[in-house]
Amino acid sequence: MVLVEGRNPVLEALKAGRVQRIYIAQGSKDSGLQEILTLARDQRIPVVHQEKEILAERAVTEAYQGIIAEAKPIPTYTVDQWLAKFSERQDLVVLVLDELTDPRNFGSLLRTADAAGVDGCIIPERRGVGITPIVEKASAGAAQYVPVIVAPNIVRVLDQLKSAGFWVYGAAAEADTQLYSGIDFSGRVALVIGSEGKGLRKLVREHCDLLVSIPMQGNIQSLNAGVAGALFMYEVLRSRL
């Protein structure tokens, strides 16, 4: 059982049939809770009203919005399972996260991935953030809809994707890499985003087909991983529209 916090994440978890029990702060009269309460009643899910102080101690995130749910974990996929699910699609886009550790960045990337029509997100089994309450909250419920693929080794995954017809693009900040605009992002595309601070690991970089960068005009020559990933995903979408 995992905790889901905040109105949108709890609502989306309810729609997916994951929620087992809901806790709401006493005195909450937010109209945004009505849909949640209606769905909970229809699904015969217990709703417990607790004192705000008790609920706050239980919460993992700061902005839990007076509502917490106990739910089944979001299901994840292996790479083989995900590829089999989309075997007929030749226009797949997948996000690959190389040891990203900030749950808010992960949640933000999932939210953007859902909005940009990305078909999945690959994360490492170890040395990276998994799906936590903070990730679900930061994704505003999008973690429910973007398939998350867990892989033992990111380098091997890149080779597997190439064998499945993907062109692998790595996000890099160096000035001598190709700018991300004007690239033909048709076909099967994998976008690799590195960890906060260190970026892509050397071996991961070497397994990318092309390293691409975002133009920088200011004094700080790097972007937050969530922002950089969002720009890359939307550039792929823009190039296809």
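Output the antiparallel fraction of DSSP beta bridges having both residues in the chain, as a percent to the nearest 5. Display every interim value, and only then the final one.
Values: 10 of 37 bridges.
For the chain, the DSSP antiparallel bridge percentage is about 25.
Annotation: amide H of Gln50 within the under-5 Å range of Ile24, Ala25, Gln26, sequence separation 5 or more or interchain, hydrogens built in the peptide plane. Given +1 at the Cβ of Lys and Arg, -1 at the Cβ of Asp and Glu and no other charges, the dipole of the chain around its Cα centre is 400 debye to the nearest 20. If you take the Cα centroid of the stretch 161-216 and the Cα centroid of the stretch 75-154, the two points sit 17 Å apart. The 3J(HN,Hα) values that the Karplus relation (6.51, -1.76, 1.60; θ = phi - 60°) gives for the stretch 50-64 are, in residue order, 10, 4, 4, 5, 5, 5, 5, 5, 6, 5, 8, 8, 6, 9, 7 Hz. Gly and Pro appear as x.
Of all beta bridges that DSSP places with both ends in the stretch 98-241, some 5 percent have antiparallel geometry. Lysine pairs in the chain whose alpha-carbon atoms fall under 30 angstrom of each other, counting only those eight or more residues apart or on distinct chains, come to 17. Taking all Cα pairs closer than 8 Å and separated by 6 or more residues, the relative contact order of the stretch 111-241 comes to 27 percent.
We did not get these values from a lab; they are worked out from the coordinates using the rules stated. Just so it is clear, the structure is predicted and the values come from calculations on it, not from any experiment. Because the Cβ atoms are built from the backbone with ideal geometry, glycine has one as well, and the counts that use them run over all protein chains shown.
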